[in-house]
Amino acid sequence: MTGVQTCALPIWTMKKTLALLLTLLLILGTLAGCGKTEKPGDDKEKDSEKATITFVHGYYHDESEWPAAAQMRQIYQDFADMHKDEFTFVAVPDESGAEGIYNTALNDISGGKFYDIADFGGWDIVPVASAAGLILDLKPYLDADANFKAGAGVCYDQNLTADGKIYSVREQIEAVGFWYNEALFKQAGAKVPAEWDTWADFEDAVKLLVDAGITPFGLNAGWPTNILTAGRFQADAATRAFYAKGADVTSFDDPAFREVMTFMQEKVLQQIDSANFGPGGDDDEQYRTDFFDGKTAMLFNGVWDAGGSVGCMAGAENIKPANFPTNESGKRASLMSGGTGLVVSSGLTEAQTAACIEFIKYMTSEEIANKIISYGIGMAPNTKVNYMSLIDKVDAPEAKLLVSACQLCMEADYQALGLGNQFGDFEGEIQAKYAGLKDGSKTVDNVVSELDAVIAAS
């Protein structure tokens, strides 16, 4: 069985920007008074006995560049071969990737066009495309098939719109707990994360690590700190309730928010040297390098980073996955975000629509979920995956590590969206405060006032 890929998946969730809103206004103006929506492929013979659908995806990479891409293309081809006598399924890789697929869709929507079916890889086309009436509501199909609903997993609830529709599900989700170096914890005489009962155990472990001269973790003003912040918000009912408000929050002057920011400042950010706190950005991954080099004890990153254990200086045998603790003794939390993935045109024939639904059922099935996990491609949302059985079927140690990490995330008592998924544009506003909290130039009061000023100005 193939081992875990060391190349991380693309970022799955994109913020709603002003540009998107302006695009939406343009689209609505363009479509006002229009008649029947047109789409790519209208010149097809829709009434032919054998339907044809075109699926556009971003897995164009050469296997030497990213083995997961070749594996995904084979999964698509297997589906086409299985159904070749029923319909023609054409999978087309777009070398511009998910971002390019998204941008093409934005341009086409203004003309009333949309892909037959496409994988947007986390780029959120749904607000614009659904407002234009160009994409299919998948909820009736999910509700009619228990296996399909189980395959969608967290995507069912997370992607449910305010008006009760589901326009997208994914075969892969962003699943996040964290990683730790067991040997460094033992060296410091600290309780390992797998044995933590509450966040007090986290604080005790950090103190013991620091006292032993071991850097507890590396961070930056972005992704890893966002993960830990989101994890800490799951500590109790009050912090979870504030977190649930997300982008709809009306004020950050809340005891729960102040509690988490105080924790982040005093128990996290000010526990590491400035050398262990990077500026953030896609290229700032020193926190990750340091962990796999054995220089830090914890890494706040997703399940896909099991691949980083391959040949690492820290020793693969020392790398372990963990869920976040809560202050409800023994209960755990993870971050699991579906986001926008497979989206279907609402303008297809009945036969074409049926073929697209069959494809999404296939991609979210237990069979494909097992492949996605065991191949090391990522985490699948399917709730019927038997992780204990799966771990016995993979050979590579890093693959077993990935399966274990996925199992922990799926079995967590609480499963929350990531910070960006939950808070939208406020994610950037919050993370912009980390540097000031670390060096002491900002207080929690400053952070609250500045964030509330953003709300007042919006």
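Numbers below:
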read-out	value
Per-residue Cβ neighbour rank within 10 angstrom, fewest leading, T262, T54	T262, T54
Cut-off 15 Å between beta-carbons: net charge of the residues surrounding E171, Lys and Arg +1, Asp and Glu -1	0
Helix 97-109 vs. the chain, principal-axis angle (Cα, 0 to 90°, nearest 10)	50 degrees
Shape category assigned to the stretch 239-350 from the gyration tensor of Cα positions, a/c cut at 1.5	oblate
Å³ per residue enclosed by the Cα convex hull of the stretch 92-240	197 Å³
Cβ-Cβ FRET estimate between T250 and A275, R0 fixed at 45 Å, reported to 0.05	0.70
Added length on full extension, which subtracts the Cα-Cα distance from 0.36 nm per residue, E450 to E411	10.3 nm
DSSP beta bridges in the chain [antiparallel fraction, %, rounded to 5]	55 percent
Cα shape, the stretch 335-388, gyration tensor, a/c 1.5 rule	prolate
Two-site label geometry, E86 and N386: point separation in nm, points 7 Å out along Cα→Cβ	2.5 nm
Tensor-based shape of the stretch 329-458 (alpha-carbon gyration tensor, a/c under 1.5 rounded, otherwise prolate or oblate)	oblate
Kirkwood-based Rg to Rh ratio, the stretch 99-158, C-alpha trace	1.02
Two-site FRET efficiency, A194 against L160, from Cβ-Cβ distance with R₀ of 30 Å, rounded to 0.05	0.35
Relative contact order (%) - criterion: Cα under 8 Å, at least six apart; region: the chain	26 percent
Cα-derived Rg over Rh, computed across the stretch 112-191 with Rh taken as Kirkwood radius	1.23
Set K295/K331; K207/K267; K50/K84; K50/K113; K50/K371 screened for pairs whose C-alpha atoms are more than 20 Å apart	K295/K331; K50/K113; K50/K371
Spatial separation of Cα centroids for the stretch 195-247 and the stretch 129-158, in angstrom	33 Å
Segment K207-D62, length gained on full extension (0.36 nm per residue, minus Cα span)	47.6 nm
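Values quoted throughout were computed directly from the atomic coordinates according to the rules given, and no laboratory measurement underlies them. Everything numeric in this text was worked out from a predicted model, so none of it was measured. Using ideal geometry, Cβ is built from the backbone for each residue, glycine included, and neighbour counts are taken over all protein chains shown.
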